[in-house]
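These notes are about the structure you will find just below.
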Amino acid sequence: MSLDLNKEVIEEIRQRCDIADVISGCGVQLKRSGASTFKGLCPFHQEKTPSFHVDITRQTFHCFGCGKGGDVFRFFMDKENLDFINAAQILAARANVLIPEKNDGHRESPGKRSERERMFAINAEFSNFFCRYLRDNPNSPAAIYLAKRNIPRDVADKFRIGAVPDSWTACKEYGLSRGFTEADMITAGILRRKEDTGRVYDQFKGRLTFTIENEQGKPVGFSARSLEPKPLDGRKYLNTPETPVFHKGHLLYALPQARQGINKFKYAILCEGQLDAIAFHRAGFECAIAPLGTAFTPDQAKIIRRYTSNIILAFDADGAGRKAVLRAAEILLPLSVDLKVLQIPGGKDPDELFANGGEHAVADALHNNTVSWLTILQETLPEKFDLSSPVGRSQAAAFVASFLKLLNNQVELEVYTREAAKMLDISENAMKIELSDARRDNQFRSAAAAVPPSAKTVDKKAKSVANAALITLLELAIADPDTGRLLSEVLPLEYIPDDAVGKALNMAINAALNEEHDSLHSELSNLLIEFPSPEVSRVISLPTEFQHDAKKKALQDAIGELFSANRRKSEQELLAKLRIAASQEEKMKILMELQSIQSANNQQENRI
């Protein structure tokens, strides 16, 4: 199932979301600076003088300090640490825009869509019901349990912890009173039908509940803990079954609460359980998340990787915890993450650590007791192999190599191979033999190594000049479609790079040629969603206003600079080849190419 976020839907969301309201709602204090403009302190970097500007006519923002800018989508993605899909869903919900969904390439039927909406409504209603029941019954087993765990009401409210009445029919009766059908509550996992008798009863009777939310913060299900020493069904934790909105392997507990923290700390802490994640949040490390009581999945790993490449595993310190670390490593290492493991002193879990030592103990452990995943792997080797024998050490090397081969980054592979060889007390060459099926040593060798340093310096200068010229041409093409049509005639396609500025310039030229200049602004805003660019953002938010005569000169100068920069780049590449040319014939061929470049460049400049 995927969202059908077509251009019309995106534009409707953008139009309905006032960018100033969204930015103010995210805690940025804006002050009016003009008829349609505001300014304030940038939320993306430290500053004392406001350089963050918002234009409600263009519906854009731009910071002249750090360069961040774009439309309402780009702001919300950066501020809330979200990808585009999740940002669009949250903004759509705020603006009451319904995003249609696709199913196997086809749009979702209205009936199916309404079923999902009913599931969201049921889960939201029962999340409130469970939280309210917990607050209204301070002497209930759930409230007493939380008191023993020193979890105060504000924390329970923040994480939407609740309790289910100790009754077989309380949820059923409440749901029916709210207008939900028995069939929908069974589908949502609130109720369950007994197969042999057909009797319908409350799924989470008498349990403590943790509301599970999707990435947009919508309740989609529950993880319910038994408060009995020996639960009747033998399960300490009971999760919502698979439903149209609850897919256990695609969800992470506390992710909506952790998004901004992950952005702030630049890493995520992956815990084993909900209470461990909550403990980190209470200690000030609001970047902790947890899977839902089952094995960590590749889909969950990909979700985390979208937010950060730095992950700390905070699992139990026993044998089972080490196995869980290695299983997670097998999933995470191919994603090129910096993977560390928290080793809590005394073998405590994070919840115990916070309960006994408070914020200081948690901070101290994170700062002083994190080790590489390779260290945990090393600790498991004596349990698996006889490291005193050559055969055992060879087996251990093969086992370690099975993890190293998961690494996709050549530098990481080199570093960890060296560390593994030292760890096993074998030569690095022997360790590399175990990695014979891995990528070849020269796979990532840079072709640029043959280019002389002087050429690289000139290339950088030429690129800088060319980029400035492209930005001027972009400004002129946005302001006047005639410029776009002219550029289509005189500007070679190979002179327009495939970066954000180049893509924007191509959009402006195409808009002029197709008589679609009126929609150019929206198209450029869409571009910034996928390709954030300070230069394009600045051009959209505060374009330079050229007088007629100045515009003509600016156009001629920019095209001339672009041709000159590209000519210098081509000349330097050919000169580099000339230095290493083996034969006289090859050298003459290169010299003729140099002469041809100069001649062609003069002809092109004369056309302007």
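The values are calculated or read from the model by the stated rules, or taken from the named source; none is laboratory data. Computed from a prediction, not measured in an experiment: that's the story for all the values here. Glycine also receives a Cβ, built like all others from the backbone with ideal geometry; neighbour counts cover every protein chain displayed. All accessible areas refer to the heavy atoms of the entire protein, side chains included, with ligands and DNA or RNA removed. Shrake-Rupley method; radii C 1.70, N 1.55, O 1.52, S 1.80 Å.
Assuming a ≥ b ≥ c are the square roots of the Cα gyration tensor eigenvalues, decide whether the range 31-74 counts as rounded (a/c under 1.5), prolate (otherwise, with a/b larger than b/c) or oblate.
Numbers: a/c = 2.54, a/b = 1.23, b/c = 2.07.
Oblate, since a/c reaches 1.5 and b/c is not below a/b.
Assuming R0 = 30 Å, what is the FRET efficiency of Glu12 and Gln46, from their Cβ-Cβ distance, to the nearest 0.05? Each step should come with its number before you reach the end.
Working: r = 36 Å, r/R0 = 1.19.
It comes to 0.25.
Taking a point 7 Å from the Cα of Ala93 along the Cα-to-Cβ direction, the residues of the range 144-169 with backbone N closer than 20 Å to it are 156-162. Compared with the dominant principal axis of the Cα atoms in the chain, helix 584-606 is inclined by about 90°. Net charge near Ala365, counting Lys/Arg +1 and Asp/Glu -1 over other residues with Cβ under 13 Å of its Cβ? Charge balance near Ala365 sits at -4. Within straight-line reach of Lys348, meaning a Cα separation under 19 Å, sit the following lysines at least 8 residues removed in sequence or on another chain: Lys148, Lys323, Lys340. Taking the three principal axes of the alpha carbon atoms in the range 1-73, the coordinate ranges are 45, 27, 19 Å, sorted in descending order.
Per residue, the accessible area of the range 74-231 comes to 47 Å², computed with a 1.4 Å probe over protein heavy atoms only. Placing pseudo-labels 7 Å out from each Cα toward the beta carbon at Phe531 and Thr197 gives an inter-label distance of 6.5 nm. Evaluated at q = 0.17, 0.24, 0.25, 0.28 Å⁻¹, the base-10 log of the normalised Debye intensity for the range 496-566, with identical point scatterers placed on the Cα atoms, takes the values -0.75, -1.27, -1.28, -1.28. What whole number of Å gives the distance from the Cα centroid of the range 464-485 to the Cα centroid of the range 225-292? Result: 50 Å between the Cα centres. For Lys48, the lysines whose Cα falls under 27 Å of its own Cα, not counting residues fewer than eight places away in the same chain, are Lys31, Lys39, Lys68, Lys79, Lys264, Lys266. Placing one equal scatterer on every Cα of the range 327-367 and applying the Debye formula, the log10 ratio I(q)/I(0) at q = 0.26, 0.27, 0.34 Å⁻¹ is -0.81, -0.84, -1.12.
For Glu515 and Asp83, what is the calculated FRET efficiency with R₀ set at 35 Å and r taken between the beta-carbons, to the nearest 0.05?
Details: r = 34 Å, r/R0 = 0.96.
Here the calculated transfer efficiency is 0.55.
Considering all projection directions equally, how large on average is the shadow of the alpha-carbon convex hull of the range 180-248, in square nanometres? For the range 180-248, the mean projected area of the Cα convex hull comes to 5.3 nm².
Helix-only estimate, please: 222 nm mean residue ellipticity of the chain, summing -39500 (n - 2.57) across DSSP H runs of length 4 or more and dividing by its residues, to the nearest 500. All intermediate terms of the calculation are to be shown ahead of the outcome.
On the way: 25 runs with 330 residues, N = 608.
When only DSSP H runs of four or more count, the value is -17500 deg cm²/dmol.
On the chain, 50 percent of the accessible area sits on carbon and sulfur atoms, based on a 1.4 Å probe. Checking Cβ-Cβ separations below 4.7 Å across the chain identifies Cys17, Cys26, Cys66, Cys131, Cys171, Cys271, Cys287 as cysteines lacking any candidate disulfide partner. Ranking Leu342, Ala295, Val501 by how far each Cα lies toward the positive end of the dipole of the chain (charges on Cβ) leaves Leu342 at the top. Mind checking the range 169-216 for trypsin sites (Lys or Arg not before Pro) that DSSP puts in a loop (not H, G, I, E or B) and that have at most 16 other Cβ atoms within 10 Å? Those that pass, being in a loop and sparsely packed, are Arg178, Lys194, Arg199.
Max-minus-min Cα coordinates of the range 334-398 on each principal axis give 47, 28, 16 Å, with the largest extent listed first. P(r) tail for the range 281-357: Cα pairs beyond 20 Å make up 32% of the total.
Just to check, using Stokes-Einstein with a Kirkwood Rh over alpha carbon pairs, what's the diffusion coefficient of the range 237-316 at 20 °C and 1.002 mPa s in µm²/s? Don't skip to the answer; put the middle values down first.
Details: Rh = 12.6 Å.
After rounding, the answer is 170 µm²/s.
Per residue, the convex hull spanned by the Cα atoms of the range 223-360 measures out at 123 cubic angstrom.
Take the Cα radius of gyration of the chain and divide it by 2.2 N^0.38 Å, N being the number of residues; the result is 1.20.
In whole angstrom, the range 303-416 maps to an equivalent ellipsoid with semi-axes of 27, 19, 11, each derived as √(5λ) from the alpha carbon gyration tensor and ordered largest first.
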